[in-house]
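K.L.:
Take this structure first; my questions come after.
The values are calculated or read from the model by the stated rules, or taken from the named source; none is laboratory data. The structure displayed is predicted, hence computed values, not measured ones. Don't worry about glycine lacking a Cβ; one is built from the backbone with ideal geometry, like all the others, and counts go over all protein chains shown. Just the protein is used for accessible areas: all its heavy atoms, side chains included, with ligands, DNA and RNA removed. Shrake-Rupley method; radii C 1.70, N 1.55, O 1.52, S 1.80 Å.
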Amino acid sequence: MNLHQILLVLKREYITRLRSKGFIIATILIPLGMIAFVGAGIGIAIWDTGSEHTIGIVDQTNSLYPRLEELAGERYKDLSATTEDALRGMVASEEIDGYILLAEDHINLQKDPEYVSSGAGGISLQSRIQSDLRQVIRDERISRANVSEDVQQIFEAEISLSTSKLTEQGEATEDDTGFLTIVGMAMGIIIFGSVLGYGGMLTRSVIEEKTNRIIEVITSSVKPIELLLGKMGGVGALALSQLAFWLATFFALAAAAGPLAGMMLGPEMVPGGEAASGNLDPEMFAIPDIAPSLILYFVLFFILGYLLYSSLFAAIGSAADSETDTQQFMFPVMIPVMIGYFIMFRAMENPDSTLAIVGSLVPFCTPIVMITRIAITDVPFWQISLSILLMVATFALTMWLSAKIYSVGILSYGQSAGFRELWKWVRE
């Protein structure tokens, strides 16, 4: 095996695809698309649509409506003197969005309030109404029970959980589990998408060269195994280049997030901002620090995951004469990566569960599941080491099988091979 020949194939594959318009456009547009996506999400979250709903209240208790008015006066309107037929007419003519009849039975919990509406506001409005009614009925029941003010405060108190995380030195630091969970999921999804995307690119490249008969010229001077390694390395280098650009863009945007948010948002758009002397603290929008070790593990599992699956995708391309013919081989390869994808979501909820641990040690699921666990929790080093060793051993096996299939398949024309033919090529 000639290393020089492998590097020549790698260089050709890398430069050819690096200069392609599709690669350049995708590399630039995907970060811009993510910026637009996040910006749209923030805009939707802070944008006051001005959509107001009016709910008519017929208060037969003479005590619940004043509480509703105090809680959310802009939403409720006292229509106690209006008949129910008239209320239905007002809903039909869109004068009000709905109405509720409140009676003593509702305070005594003998009957649930009924909200009659035209459907305006959807489930969000219904949830707010339910929350408001729950609160005012509870407060009214407590008031009628003649309990002391201290007991009332106990019932009204809301408990929140403040969390911190201990370092290996025993120091308490801020717990960023929520943020790191999102980071772990994002990293797992990136590896999942990259495995399929770049693997598919490699398959199409092999099929294209077979179809154009270029492969016959190339194999006259390069061994099949050298060609396979060179193509895998070229597409892999392309993937790393694209990933490096995206990571650099992400960290640049993260560094600029605070100042930009301070320029674009006013104090009135941030909770507590108006009371804080009218100035926004950029630290409010700063992204928590990401450990360098997490980035290194991400790159490592990205490379191992790509190598493991790309060898299989290259073998699939060599065994088919068209992309349509690859479908029968894609399904067995897609099963483990999809299983890893689904286990990743369970690992997000409980990264130390048996399913998450086992899934992170299964080589075909490791890249997606293990990086998610590493981001969220402190994974024992022996588990990380074992997962890496298992992936390397599995890659050696898949590479051996793929090389045998590839060496025969790239020069086979006419009819796509089946699983029986693939097994025959491996045995030979």
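K.L.:
Has the range 345-354 got at least one residue that is buried (at least 24 other Cβ atoms within 10 Å of the Cβ) and assigned to a helix (DSSP H, G or I)?
P.N.:
yes
K.L.:
Kindly list, by first and then second residue, each pair from a residue in the range 63-92 that is at pLDDT 85 or above and of a type in the set (Gly, Ala, Ser) to a residue that is open to solvent by less than 30 Å² (accessible area, probe 1.4 Å) and not in a helix (DSSP H, G or I), limited to pairs with Cβ atoms under 6 Å and residues at least 6 apart or on different chains.
P.N.:
Qualifying pairs under 6 Å: Ser80/Val58; Ser80/Asp59.
K.L.:
Select, from Asp176, Asp139, the only residue that is surrounded by 15 or more Cβ atoms within 10 Å (Cβ to Cβ) and at pLDDT below 70. Reasoning before the result, please.
P.N.:
Values: Asp139 fails: at pLDDT below 70.
Only one candidate passes the filter, namely Asp176.
K.L.:
A further question on this structure: If a residue has to be open to solvent by less than 30 Å² (accessible area, probe 1.4 Å) and part of a helix (DSSP H, G or I) to count, how many in the range 66-89 make the cut?
P.N.:
In the first step, residues of the range 66-89 are kept if they are open to solvent by less than 30 Å² (accessible area, probe 1.4 Å); the result is 68, 72, 76, 79, 87.
With part of a helix (DSSP H, G or I) added as a condition, the list becomes 68, 72, 87.
Total meeting the criteria: 3.
K.L.:
In addition: Looking at the range 362-375, is at least one residue touching a residue at least 12 places away in the same chain (Cβ under 8 Å) and surrounded by fewer than 17 Cβ atoms within 10 Å (Cβ to Cβ)? Full working, then the answer.
P.N.:
Looking only at the range 362-375, we keep the residues that are touching a residue at least 12 places away in the same chain (Cβ under 8 Å), and these are 362-375.
Filter once more, keeping what is surrounded by fewer than 17 Cβ atoms within 10 Å (Cβ to Cβ): none.
Looking through the range 362-375, none of the residues is touching a residue at least 12 places away in the same chain (Cβ under 8 Å) and surrounded by fewer than 17 Cβ atoms within 10 Å (Cβ to Cβ).
K.L.:
Looking only at the range 113-123, count how many residues are touching a residue at least 40 places away in the same chain (Cβ under 8 Å) and hydrophobic (A, V, I, L, M, F, W, C).
P.N.:
Residues flagged as touching a residue at least 40 places away in the same chain (Cβ under 8 Å) and hydrophobic (A, V, I, L, M, F, W, C) within the range 113-123 amount to 1.
K.L.:
Please enumerate the residues belonging to the range 307-354 that are touching a Phe, Trp or Tyr at 6+ places or on another chain (Cβ under 6 Å), under 30 Å from Thr211 (Cβ atoms) and at pLDDT 85 or above.
P.N.:
Matches in the range 307-354: Leu307, Leu308, Pro336.
K.L.:
Turning to a different aspect of this structure: Residue under question is Leu109, and the condition is that it be more than 18 Å from Arg128 (Cβ to Cβ), open to solvent by 20 Å² or more (accessible area, probe 1.4 Å) and among the aliphatic types (A, V, I, L, M); does it hold?
P.N.:
yes
K.L.:
May I ask you to verify whether Ile182 is out of contact with any Phe, Trp or Tyr (no Cβ under 8 Å at 6 or more places or on another chain), modelled with pLDDT of 80 or more, among the hydrophobic types (A, V, I, L, M, F, W, C) and farther than 22 Å from Met334 by Cβ? Don't jump to the end; show me each part of the working.
P.N.:
Details: out of contact with any Phe, Trp or Tyr (no Cβ under 8 Å at 6 or more places or on another chain): yes; modelled with pLDDT of 80 or more: yes; among the hydrophobic types (A, V, I, L, M, F, W, C): yes; farther than 22 Å from Met334 by Cβ: yes.
For Ile182, the condition - out of contact with any Phe, Trp or Tyr (no Cβ under 8 Å at 6 or more places or on another chain), modelled with pLDDT of 80 or more, among the hydrophobic types (A, V, I, L, M, F, W, C) and farther than 22 Å from Met334 by Cβ - is met.
K.L.:
Let me ask you something else. Across the range 90-106, what is the total count of residues that are in a helix (DSSP H, G or I) and open to solvent by 40 Å² or more (accessible area, probe 1.4 Å)?
P.N.:
We begin by selecting, within the range 90-106, every residue in a helix (DSSP H, G or I); these are 90-92, 104-106.
Going one step further and asking which of them are open to solvent by 40 Å² or more (accessible area, probe 1.4 Å), we end up with 92, 104-105.
Residues that pass the stated criteria total 3.
K.L.:
Here are some residues: Gln126, Gln110, Gln152. Which one is part of a helix (DSSP H, G or I), more than 16 Å from Tyr76 (Cα to Cα), without any contact (Cβ under 8 Å) to a residue 60 or more places away in the chain and not aromatic (Phe, Trp, Tyr)?
P.N.:
Working: Gln126 fails: more than 16 Å from Tyr76 (Cα to Cα); Gln110 fails: part of a helix (DSSP H, G or I).
Answer to the check: Gln152.
K.L.:
If you go through the range 320-343 one residue at a time, do you hit one that is within 21 Å of Ala239 (Cα to Cα), open to solvent by less than 10 Å² (accessible area, probe 1.4 Å) and of a type in the set (A, V, I, L, M, F, W, C)?
P.N.:
Yes; the residues of the range 320-343 include at least one that is within 21 Å of Ala239 (Cα to Cα), open to solvent by less than 10 Å² (accessible area, probe 1.4 Å) and of a type in the set (A, V, I, L, M, F, W, C).
K.L.:
List every residue pair whose Cβ atoms lie under 6 Å apart, where the two residues are 6 or more positions apart in sequence or sit on different chains, the first residue falls within the range 308-327 and is of a type in the set (D, E, K, R), and the second residue, located anywhere, is open to solvent by 10 Å² or more (accessible area, probe 1.4 Å).
P.N.:
Within 6 Å, the pairs are Asp321/Ser416; Asp325/Ser416.
K.L.:
Can Val222 be described as over 22 Å from the mean Cα position of the chain (by Cα) and modelled with pLDDT of 80 or more?
P.N.:
Values: over 22 Å from the mean Cα position of the chain (by Cα): yes; modelled with pLDDT of 80 or more: no.
No, not satisfied.
K.L.:
Look through the range 388-408, keep the residues that are among the polar types (S, T, N, Q) and modelled with pLDDT under 90, and return whichever of them is surrounded by the most Cβ atoms within 10 Å (Cβ to Cβ).
P.N.:
Keep residues of the range 388-408 that are among the polar types (S, T, N, Q), which gives 394, 398, 402, 407.
Now restrict to residues that are modelled with pLDDT under 90: 398, 402, 407.
Working: Thr398: 19, Ser402: 24, Ser407: 19.
Per the stated criteria, the residue is Ser402.
K.L.:
Condition (residue is closer than 30 Å to Ser205 by Cα, assigned to a helix (DSSP H, G or I), at pLDDT below 80 and open to solvent by 40 Å² or more (accessible area, probe 1.4 Å)) applied to the range 45-55: is it met by at least one residue?
P.N.:
Within the range 45-55, the subset closer than 30 Å to Ser205 by Cα is none.
No, that holds for no residue.
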